[in-house]
Structure formats: C-alpha cells, structure tokens
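Before any comments, here is the structure.
What follows is calculated from the coordinates using simple rules that are stated; it is not laboratory data. None of these values were measured; they are calculated from a predicted model. Neighbour counts run over all protein chains shown; Cβ positions are idealised from the backbone, glycine included.
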Ligand SMILES: [Zn+2]
C-alpha cells in the first residue's frame with residue numbers, strides 16, 4: 001500500500017506496469033477487505049451474529065476515529081489531515097468520522113508528515129500500515145480499524161510538497177484505510193501518483209466503497225431478521 005513516486009525512477013514506472021498485469025487488465029478499483037465481508041457472511045450463515053456484526057463493523061466504520069497528526073508547523077498537520085478526510089466525506093457523506101487527539105497513544109489513526117518516507121529503500125510519497133481487529137471493546141464483541149500513515153513533505157529532494165499534494169497523499173492512504181486497494185487507472189485518487197495532485201475520488205472508487213458498505217448493511221439486516229424470526233419461534 002505504497003504510493004510510489006510515479007515520476008521518480010524508471011523502476012516505479014515498471015512496477016506500475018507490473019501491477020497492471022497483476023490486476024489482470026481490470027481498471028476497476030479493488031476493494032481489499034472482501035475477506036472481511038466473506039467472514040461476516042459466513043458467521044451470519046452459522047448464526048454467530050455477534051461475530052458477523054463485528055466483521056461488518058470493520059467495513060462500515062461507524063465509530064468516531066481518533067486521529068493524531070504531527071510533523072508540519074502549527075496547525076498544518078491537522079489541517080491537511082482534515083482535508084484528506086474531507087476528500088472522502090465530500091464524495092461519500094459520513095465515509096469517516098474523526099476527532100483529533102493530542103497524543104499518539106490515544107489515536108486510532110496516526111498521521112506523520114515527514115521529509116522522507118522510505119519503504120524497502122524506495123523513496124515514496126506515502127504509505128499506510130492498517131489493521132482490522134475483532135475483539136471485545138466496551139464489554140462487547142466489536143470490530144475496528146487502526147492505522148499509521150506516513151506522508152512525505154517533499155515533492156522531490158529539493159522541492160517541498162504543496163498543500164494539494166499532501167492532501168492527495170493523505171486522502172490516498174485514507175482510501176486504503178476505508179478498504180480500497182491501489183487502482184491502476186491514471187488520474188484516479190487510488191491510482192499511481194502523477195505530477196498533478198488528485199483531490200477527488202473517481203466514480204468507481206466511491207461506488208466500490210458504497211457497494212462494500214451496502215453489502216455489509218445487508219448482512220447485518222439479514223442477521224437482525226434471522227434473530228427476530230428465531231425469537232418468534234421460541235414464543
Ligand atoms: Zn496506495
């Protein structure tokens with residue numbers, strides 16, 4: 001989940017070509033959390049509603065996510081993080097709700113703006129490590145996500161990244177957090193990084209998230225109805 005510098009080296013261009021092959025020619029954006037939906041469905045089928053619900057929660061992301069952002073001067077880290085979140089909420093209202101916290105240990109999402117972001121020796125625009133967890137929280141079985149996002153503050157070794165670039169990279173990495181994979185379509189938010197920053201998800205990107213969430217809601221309702229009918233039978 002590395003946002004490679006498309007213009008950085010020939011190798012980066014090659015790796016984009018490789019991912020095209022891996023995606024088997026599809027230009028649709030991938031949803032990388034399909035397996036969580038599959039699990040939600042499988043547990044629902046077994047009547048394990050709590051577990052099923054916990055898995056759908058990792059897709060629906062209805063909680064308020066606590067964000068800690070650092071690295072830029074003054075309020076800039078929070079400003080850019082808010083903009084990145086705004087990119088998604090504008091396209092898909094309620095895509096992600098956040099509140100800022102003052103300490104990284106209190107956060108679900110830590111966003112670090114730093115001059116250099118290296119992944120396996122490669123200088124990249126940004127990357128994310130996310131986890132989705134099923135566990136007991138506030139006394140009940142639940143599912144949630146956490147992430148650490150790194151964003152490079154430099155466009156090249158000499159030129160600082162613009163506000164738009166920082167917003168683009170933040171929004172791209174948040175796209176992974178929400179469940180999207182990298183997309184091979186140039187010019188889309190989840191696509192390879194081009195010279196011009198992208199500040200809006202494509203129709204397909206929004207649709208992929210929407211479909212995923214609708215499916216999670218359908219599974220959840222299925223579980224609710226199944227429980228209602230089971231209780232009726234008991235009466
Ligand atoms: Zn990516």
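For the listed peptides 159-167, 172-180, 201-209, a ranking on the average number of other beta carbons within 10 Å per residue, highest first, reads 172-180, 201-209, 159-167.
Of all alpha-carbon pairs in segment 118-235, indicate the percentage at a distance above 26 angstrom.
Working: 2669 of 6903 pairs.
Tail of P(r) above 26 Å: 39 percent of Cα pairs.
Counting every alpha-carbon pair across segment 42-158, the share separated by more than 26 Å comes to 31%.
Estimated purely from DSSP H runs of n ≥ 4, each contributing -39500 (n - 2.57), the mean residue ellipticity at 222 nm for the chain is -14500 deg cm²/dmol once divided by its residues. Size descriptors for segment 101-141, from the alpha-carbon set: Rg then Dmax equal 14.8, 43 Å. Here the Gaussian network model covers the chain, with springs between Cα atoms less than 10 Å apart; of 169, 224, 117, 224 fluctuates the most. The distance from the alpha carbon centre of segment 50-83 to that of segment 178-235 is 16 Å, rounded to a whole number. Working note: Debye formula, equal point scatterers on the alpha-carbon atoms of the chain, no solvent; log10 I(q)/I(0) at q = 0.08, 0.09, 0.11 Å⁻¹ is -0.32, -0.40, -0.59. Which whole-number percent of Cα pairs in segment 95-183 have a distance greater than 14 Å? Looking at segment 95-183, the distances longer than 14 Å represent 69 percent of pairs. For the chain, modelled as a GNM whose springs connect Cα atoms under 10 angstrom apart, the maximal fluctuation among 62, 122, 73 occurs at 73.
Pairs of alpha-carbon atoms within less than 8 angstrom and 6+ residues apart define the contacts here; what relative contact order does the chain have, in percent? Display every interim value, and only then the final one.
Working: 431 pairs, mean separation 65.7, N = 235.
Contact order relative to length: 28 percent.
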